[in-house]
Amino acid sequence: MRGWRSWAPWVPLVVATTVLARMVVSAVLAKCGHPAAALDDAYIHFQYARAIVEGHPFRYQAGEPISTGATSFLWPALLAPFYALGLQAASLMWAAWLVAFAAHGMLAREVYLLAAPLAGRAAAVGAGAMTLVFGGLVWGAASGMEVVPFAFVSALGVRLASEWAEGLERARTKRRLATLFAVAVAAPMLRPEGALTALAMGAVVAVAPRGPGLRGRTPALAFVLAAALPNLMLLALTGSPTTSTAQVKLLVGNPYYDLGAAFAANARLLVMSVLDGGPWTAEFLPKGGAPVLSMGLVALVVRGAQTKLWVRAALVLAAALTMFVPCAYVTFLWNRLRYVWPFIPGWFVGVACLARVIAAYVPRVSPRVTEGLAGAMTAAVVVALGSKLDWVIEDVAQSASGIDRQQVALGKWVAETLPAGARVGLNDTGAIAYFGGRKTFDVVGLTTPTEGRYWVAGAGSRLEHYERVHATSPASLPSHFVVYPEWMACPPVLGRLLHAAVVRDATILGGQVMQAHEARWDTLGSGEAPWSAPGATVIDAIDVADLESEAAHAYALLGARDGEQVAEEGASTAGAAVVDGGRTQRTRDRFVARLEGASRGIARVGASTDDVTLLVKVAGREAGRLAVPAGGWTEVGFDVPAEMAAGGTSVVEVTAEPGTARFISYHYWFVAR
């Protein structure tokens, strides 16, 4: 009886969560006719869940290299038992919905428990209700991803750590410590950002130890290990401490972005547009809400001081500010901002604190009235957020339908049409792999770990990479591609068009048209020799956009930006087919060439719109001025006297004139004269 009484107050939350889940699921079923994920990435997790059941847990398909495209270790593991019990194909979505919406309700409860000591019960109820009706979390729960389970585990960790700090030393039992540690392990296993939750929990255990002295603080070290556990597993499995997803999406290591400037730009976008109900979040947040959310964090600090619950306020504040961690991605705007929303609960606690602070300034009212006013203010925010739900639910259903009609449909087409031995190149690697039942080649590099750096570099680098792979292990390349052509941006390798899925009414997709092609490799290598000097003896060659060739010749990027690459297909002056990768929008090239005596330099270059003159210097001395006509590519030559090759290596600089001119750089050769 006592147990029932303790849980009875939560019955309305269970009912509300169930009703909300039913509304969302019913909308998807009405639109699709069966369970369906609103994000293609959900099917990546489903594929890894199947891999666990099949006995190759870290391989996207049996026999393939270990990969880490799911980002989350724990989410596929949670889904795997349901797959083993028979919830397979689209039916696995039922398990994802069950776990995610259960986590959604429990997250609302955790937000209430976090907020109540800081803001009072009435405002805390409002904070929990905000969490429940907030469209970003509803979308995340419906998507099939780990968004809401991760948010729940993070909030649980913050609450448990707060209570540990606020409790008496005798209440800090081994059992409670074990619970804290289990949550600290789960958080980073669900999402890498959970490492911050684990570290924060460890800091609390160190500051508020179970016993006196260093021995009492020693358990805090275990939390550091928990935070690092996924990275240690990755290092052991792959030789890298980060997931392939992080390697593709992080600003760190991306050659085209200044980390500080790009992070600052993302942070400004987050505060001034995303949290303000701007174009990216109009369906989730009221317009002009950023000041309220920001003042809420200030009020959180104020209430921490007033209630003397410093640790609780600090932990909630840290959890809220973790929202800025995804600003270290090239962009955090993917997938309806699923990287951002797990941290919104901390901001909702702040809004509850803001309501309590404002209510306290109403003169000559009782504490009960103050709490009631705070509750009324948070109720207004709940109504504002809840008013967006119809839009959110429709978007979830429409997105699930779009994924179903494009990626899922193409996956089923692959299963029905392509031979069993086919290897399919993909730039959306979820549903097509999950339903297609064929080996895959992820051109983005999430589930094919060798490809990430070439995807980041650009289309020209991908073409050059495929050329190298084709020369050494052609069987590892795809036999077919199912891609968005504009994403792939590599037409020379797309052969005969076999099929297309056209969906024009779903904004979650990467494009309206996804096409299936035979792979075409017959022209690879056709650009390796200069067409203007057939049969010449090549002393050295610099293949621009080929990352290995560039590294070997110290090729300088000199301000190259993302998107400034091309995979070109054309013809030589003799009419032979030629493909070559290059870099566009160049004002200057600089590299080191290995020269031996007098030679002839040849540059394959192009100019998009205006004629360009290229000034060539070798070892600091002018070697020629090359006229490059606008439109297409050409090969132009210059002589390199023996004295410019002294020492065996020389720095070569190629500069466009006038200073505003731009050229396209494909290839440089130095041939014997």
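Each value in this text was obtained by applying a stated rule to the coordinates, not by laboratory testing. Everything quoted here is computed from the prediction, not taken from an experiment. Neighbour counts run over all protein chains shown; Cβ positions are idealised from the backbone, glycine included.
Couplings for the range 189-200, taken from phi via the Karplus curve 6.51 cos²θ - 1.76 cosθ + 1.60 with θ = phi - 60°, read 6, 8, 8, x, 5, x, 4, 5, 4, 4, 5, 5 Hz in order; Gly and Pro are left as x. Near the amide H of residue 37, within less than 5 Å, lie no amide hydrogens of residues on another chain or at least 5 residues away, with H placed in the peptide plane.
Taking the Cα centre of the range 398-519 as origin, work out the dipole magnitude from +1 charges on Lys and Arg Cβ and -1 charges on Asp and Glu Cβ, in debye rounded to 20. Don't skip to the answer; put the middle values down first.
Details: 10 positive and 10 negative charges, 35 e Å.
So the dipole magnitude of the range 398-519 works out to roughly 160 debye.
Relative to the first principal axis of the alpha-carbon coordinates of the chain, what is the inclination of helix 11-32, with its axis defined by its Cα atoms, in degrees from 0 to 90 and to the nearest 10? In the chain, helix 11-32 runs at an angle near 30 degrees to the longest axis. Among 214, 400, 277, whose Cα projects farthest towards the positive end of the dipole of the chain, with charges put on the beta-carbon of Lys, Arg (+1) and Asp, Glu (-1)? The listed residue farthest towards the positive side: 214.
Counting every Cα pair in the range 88-386, what percent are over 25 Å apart? Roughly 50 percent, rounded to a whole number.
Give me the angle, in degrees from 0 to 90, between the Cα long axis of helix 147-166 and the longest principal axis of the Cα atoms of the chain, rounded to the nearest 10. Roughly 50 degrees between the two axes.
Taking the average, over residues, of other Cβ atoms within 10 Å as the packing measure, peptides 20-28, 267-275 rank 20-28, 267-275 from highest down. The simple Förster model, with R0 at 45 Å and r as the Cβ-Cβ distance, assigns residue 287 and residue 175 a FRET efficiency of 0.40. Simple point charges give the picture: +1 on the Cβ of Lys and Arg, -1 on the Cβ of Asp and Glu, and for the range 88-386 a dipole about the Cα centre of about 880 debye. For the range 398-519, a Kirkwood hydrodynamic radius built from all Cα pairs, placed in the Stokes-Einstein relation at 10 °C and 1.306 mPa s, yields a translational diffusion coefficient of 111 µm²/s. Rg and Dmax of the range 103-208, based on Cα coordinates, read 14.2, 43 Å. Along the range 496-506 the Karplus relation, 6.51 cos²θ - 1.76 cosθ + 1.60 evaluated at θ = phi - 60°, assigns HN-Hα couplings of 4, 6, 9, 6, 8, 10, 10, 9, 9, 10, 9 Hz to successive residues, with x for each Gly and Pro. Protection proxy ranking of 349-359, 236-246, by the mean of other Cβ atoms within 10 Å over each peptide's residues and highest first, is 349-359, 236-246. Residues whose amide H comes within less than 5 Å of that of residue 425, counting only those at least five positions distant or on another chain, are 441, 479, 480, 481, 482 (H built at 1.01 Å from N in the peptide plane). Close amide H contacts of residue 276 (hydrogens built in the peptide plane, cut-off under 5 Å, sequence separation of 5 or more or a different chain): 290. Counting only Cβ charges, +1 for Lys and Arg and -1 for Asp and Glu, the dipole size of the chain around its Cα centre is about 3600 debye.
Here's the picture: charge each Lys and Arg Cβ at +1 and each Asp and Glu Cβ at -1 in the range 586-630, and of 626, 616, 592 the one pushed furthest to the positive end of that dipole is 592.
The Stokes-Einstein estimate for the range 538-672, based on a Kirkwood radius over Cα pairs and taken at 37 °C with 0.692 mPa s viscosity, is a diffusion coefficient of 221 µm²/s. Rounded to whole Å, the principal axis extents of the Cα atoms in the range 45-178 read 54, 36, 24, largest first. Its Cα gyration tensor gives the range 196-312 an equivalent ellipsoid. The semi-axes, each the square root of 5 times an eigenvalue, are 33, 28, 11 Å from largest down.
Working from label points 7 Å from Cα in the Cα-to-Cβ sense, the residue 504 to residue 358 distance is 4.6 nm.
Compactness ratio for the chain: Cα radius of gyration over 2.2 N^0.38 Å (N = residue count) comes to 1.11.
Placing dummy labels 7 Å off each Cα toward the beta-carbon, the span from residue 221 to residue 622 is 6.9 nm.
Please report the orientation-averaged projected area of the range 248-348, defined via the convex hull of its C-alpha atoms, in nm². Could the numbers behind the result be given before it?
Working: hull surface 27.7 nm².
The number I arrive at for the range 248-348 is 6.9 nm².
When the P(r) is computed for the range 432-501, the part past 13 Å accounts for 68% of the Cα-Cα pairs.
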